[in-house]
Amino acid sequence: MNFEIIPNWHPVFVHFTIGLLGISALFYMAGLVTKKDVFYTVGKWNLWVGVAITIGTVLAGLQAAGTVDHDAESHAAMMDHRNWALTTAGVFGALGLWSFLKHQRSTPTALFTIVLFLASSMIAITGFKGAELVYRHGTGVMSLPDTGTHDHSAHAHGIETEDMADMPHHEGEANVTKIADDHNDSVDIEHDHSSHPH
């Protein structure tokens, strides 16, 4: 793995936070519905581990906020994401501590389960705002594809290029150009014939 493409560790940690905390709410809800302790057990471990990893997620996120390039508009979006993230982390931190102190040997209450399930919506909102930073504002992105210089002739005319996969690069390009030219010539010939009926 080329770690040079990763400007910070926040994108690595955040997936564990979303996955573990999100799935913990589902297992808690399954335990509430089925009354089976196995679901609560799995839910509790996901919650505890998720909260522990979220500490790293938040620290990495704060470090990222101070190091990635951004303008005024993306800065405002970043602060909005940060505020949601800190609030969400605080809520899950409190729920994790509540669960660790009260539910190690007892069944979680329905109130706790419902609050945990509702709190998971905060993860979705926080994640959406984080995704906007990357995909809408380009924050933390090192480069973008240059779509203006790509030759679309092979794609625009539906020319099959799979058979040229094993060809040398320069031969493949030459064949694509030749096929595209031949295709354009045939279209012109057909057009001339259609415009001058016999």
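Where a number appears in this text, it was derived from the coordinates with a stated rule and is not lab data. Given the structure is predicted, the values throughout are model-derived calculations rather than measurements. Note: ideal-geometry Cβ built from the backbone for every residue, glycine included; neighbour counts use all protein chains shown.
Output yes when any residue across the range 78-95 is in contact with a Leu (Cβ under 7 Å, 6 or more places away or on another chain) and within 18 Å of Val134 (Cα to Cα), and no when none is.
Yes, there is a match, as at least one residue in the range 78-95 is in contact with a Leu (Cβ under 7 Å, 6 or more places away or on another chain) and within 18 Å of Val134 (Cα to Cα).
Output the residues belonging to the range 67-115 that are among the aliphatic types (A, V, I, L, M) and surrounded by 13 or more Cβ atoms within 10 Å (Cβ to Cβ).
Val68, Ala77, Met78, Ala85, Leu86, Ala89, Val91, Ala94, Leu95, Ile114, Val115
Look through His81, His70, His103 and report the one residue that is in contact (Cβ under 8 Å) with a residue 12 or more places away in the chain and within 19 Å of the chain's Cα centre (by Cα).
His81
Starting from residues that are part of a helix (DSSP H, G or I) and among the basic types (Lys, Arg), keep the ones in the range 76-133 and report whichever is nearest to Val33 (Cα to Cα).
Lys102
Considering only residues of the range 13-43 that are touching a helix residue (DSSP H, G or I) at 6+ places or on another chain (Cβ under 9 Å) and among the β-branched types (Val, Ile, Thr), which is farthest from Phe112 (Cα to Cα)?
Per the stated criteria, the residue is Val14.
Out of all the residues in the range 41-91, which are of a type in the set (S, T, N, Q) and under 12 Å from Thr139 (Cβ atoms)?
Once the filter is applied, which keeps residues that are of a type in the set (S, T, N, Q) and under 12 Å from Thr139 (Cβ atoms), the range 41-91 yields Thr67, Ser74.
Can you work out which of the residues in the range 125-141 that are aliphatic (A, V, I, L, M) and surrounded by 12 or more Cβ atoms within 10 Å (Cβ to Cβ) is farthest from Ala77 (Cα to Cα)?
If we take residues in the range 125-141 being aliphatic (A, V, I, L, M) and surrounded by 12 or more Cβ atoms within 10 Å (Cβ to Cβ), then Val141 is farthest from Ala77 (Cα to Cα).
Scan the range 6-60 residue by residue and report those that are surrounded by 18 or more Cβ atoms within 10 Å (Cβ to Cβ) and of a type in the set (Lys, Arg).
Correct list: Lys44 only.
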